[in-house]
1. Against the conditions (1) within 21 Å of VAL223 (Cβ to Cβ); (2) β-branched (Val, Ile, Thr); (3) surrounded by 24 or more Cβ atoms within 10 Å (Cβ to Cβ), where does ILE274 fall short? Just the number, please.
2. I'd like to know if region 309-316 contains one or more residues that are aromatic (Phe, Trp, Tyr) and farther than 30 Å from GLU214 by Cβ.
3. If LEU351 satisfies all but one of (1) within 24 Å of GLY295 (Cα to Cα); (2) surrounded by fewer than 22 Cβ atoms within 10 Å (Cβ to Cβ), what's the number of the condition it fails?
4. Output the residues belonging to region 373-402 that are in a helix (DSSP H, G or I), touching a residue at least 60 places away in the same chain (Cβ under 8 Å) and not basic (Lys, Arg).
5. Where in region 100-197 are the helices (runs of 4 or more DSSP H), entirely inside, with at least 3 residues that are of a type in the set (Asp, Glu)?
6. Can you pull out the residues in region 123-148 that are of a type in the set (D, E, K, R) and without any contact (Cβ under 8 Å) to a residue 24 or more places away in the chain?
7. Scan region 230-271 residue by residue and report those that are of a type in the set (Gly, Ala, Ser) and either more than 23 Å from the chain's Cα centre (by Cα) or buried (at least 18 other Cβ atoms within 10 Å of the Cβ) (or both).
Amino acid sequence: MSLHRALLGAGLLVVVAGCSTTPPRTSLPTPPTSTVVAPPPPSPSPSPSPVLEMSVEEKVGQLFMPVLYGATADTEHQENLARYGVGTPAEVIGKYHLGGMILFPGTGNIENARQVAELTAGLRKASPKVPLLIGVDQENGIVSRLKGIITDLPGASVIGQTGDTRNARDAARVTAEELNALGISLDFAPVADVNVNPNNPVIGPRAYGNDPEEVADMVGAAVQGFHDGGVATTVKHFPGHGDTNVDSHTALPVIDHTRAQWEKLDAPPFKEAIANDVDAIMSAHIVMPALDPSGDPATLSKKILTGVLRDQLGFNGVVFTDALNMEGVRKKYGDGEVAVRAILAGVDILLMPPDFNAARDAVLAAIRSGRISATRLNASVERILALKAHYGLDNPRAFPHPSRVGKLLKTAEHRAIARRITAGTR
């Protein structure tokens with residue numbers, strides 16, 4: 001049974017990024033008073049939820065999106081052996097029931113278009129039971145993991161300077177269409193941070209600008225564009241990384257905005273993304289005492305990820321951590337404890353844990369002890385499966401055959417859009 005049919009057969013209410021679908025109401029005609037109406041036959045029992053049919057190990061595997069090494073799914077790589085105990089990406093996926101992986105430079109994952117398309121096709125075959133979510137950081141501009149492979153589009157700051165939301169939407173659509181051609185199902189873009197601090201060392205030109213409402217409009221348009229192109233989109237970095245003078249890759253930033261300042265400066269782009277049914281949101285490794293005075297980064301804060309993001313803003317999609325190998329999230333706790341605290345805070349997918357085995361073992365131990373409840377675990381797995389079903393990732397035809405990739409990248413239309421955006425800078 002396909003994941004899509006299994007989810008529907010299970011009677012699950014599929015909730016994707018704040019957009020719920022419920023069956024339409026129908027009105028039954030009132031029978032005449034003289035008519036004896038027989039009771040309806042009993043409804044057939046729904047088939048079991050695919051989540052309930054999964055083992056604990058399979059569920060936990062869905063929570064992880066690590067880096068794997070190799071140019072093909074069957075490439076033997078020493079780093080895989082050292083980190084995971086098996087040599088090829090396909091073997092790692094099978095051994096740990098991984099829910100996803102992120103393509104990353106320096107790992108052999110990204111060499112040329114045909115190689116990437118063949119790699120992703122091989123990775124999907126390695127996960128026949130539950131489809132694999134394959135992500136990449138392709139913001140365009142200074143964060144472009146596929147530079148030289150796909151159409152060279154301007155970054156967010158250039159698009160923001162045009163003042164035209166059509167450019168944000170078109171750039172996102174072009175990016176999504178070319179990611180789809182490569183077999184990639186999720187992009188960690190767009191950046192929803194408002195760059196109000198000119199000394200910000202980590203966001204800068206990755207943001208659309210410094211005006212919250214203008215950034216919100218651009219982010220909403222970009223989310224629409226990714227949906228137009230058929231790729232899941234992840235806005236980042238919640239609750240807002242725009243007013244820092246510290247890089248969370250190397251230290252733990254503290255943002256001293258009041259709650260009112262956060263509502264005015266940081267929140268609008270995230271609210272707009274949610275209003276446009278964004279698929280996923282990435283947490284920030286930043287401390288924001290007005291939202292949580294504990295001193296923990298947002299990635300580990302239940303008050304922020306559950307209390308603010310889910311309960312107050314109404315986001316029902318998938319929550320990713322930012323990369324867990326960044327120092328901003330590793331200051332107070334070990335790599336195993338970080339993974340557990342992130343799940344308890346409301347995270348669904350743990351991105352790039354630096355010590356995969358420590359993180360996985362800690363999560364499994366927390367589940368077995370009851371620290372992470374079965375209900376909490378199942379909630380994350382259901383959200384992840386719903387995202388995969390929404391994009392039909394279990395369909396073998398969800399992505400073009402690798403042999404077609406050369407015709408689908410850097411098309412005349414896509415290059416013309418890139419030129420138009422660049423020429424429109426005000």
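The values are calculated or read from the model by the stated rules, or taken from the named source; none is laboratory data. Because the structure is a prediction, the values reported are computed rather than measured. Every residue, glycine among them, receives a Cβ derived from its backbone with ideal geometry; neighbour counts consider all protein chains shown.
1. It fails just one condition, (3).
2. Residues of region 309-316 that are aromatic (Phe, Trp, Tyr), as a first pass: 315.
Applying the additional criterion that residues be farther than 30 Å from GLU214 by Cβ yields none.
No, the conditions are met nowhere in region 309-316.
3. It is condition (2) that LEU351 fails.
4. At the first step, the residues of region 373-402 found to be in a helix (DSSP H, G or I) are 374-390, 402.
From what's left, touching a residue at least 60 places away in the same chain (Cβ under 8 Å): 377-378, 380-390, 402.
Selection gives LEU377, ASN378, SER380, VAL381, GLU382, ILE384, LEU385, ALA386, LEU387, ALA389, HIS390, PRO402.
5. Details: elements: 113-125, 156-162, 165-181.
The qualifying helices (runs of 4 or more DSSP H) are 165-181.
6. Quick first cut of region 123-148, residues of a type in the set (D, E, K, R) only: 124-125, 129, 137, 139, 145, 147.
Of everything in region 123-148, just one residue is of a type in the set (D, E, K, R) and without any contact (Cβ under 8 Å) to a residue 24 or more places away in the chain, namely LYS147.
7. To start, the set of residues in region 230-271 that are of a type in the set (Gly, Ala, Ser) comprises 230, 232, 240, 242, 248, 251, 260, 267.
Hits for region 230-271 are ALA232, GLY240, GLY242, SER248, ALA251, ALA260, ALA267.
Here is a yes/no grid of residues against (1) acidic (Asp, Glu); (2) free of Cβ contacts under 8 Å to residues at least 60 places away in the same chain:
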{"position": "VAL235", "(1), (2)": "no, yes"}
{"position": "PHE238", "(1), (2)": "no, no"}
{"position": "ASP243", "(1), (2)": "yes, yes"}
{"position": "ILE255", "(1), (2)": "no, yes"}
{"position": "GLN261", "(1), (2)": "no, yes"}
{"position": "ALA267", "(1), (2)": "no, yes"}
{"position": "ALA273", "(1), (2)": "no, no"}
{"position": "ASP277", "(1), (2)": "yes, no"}
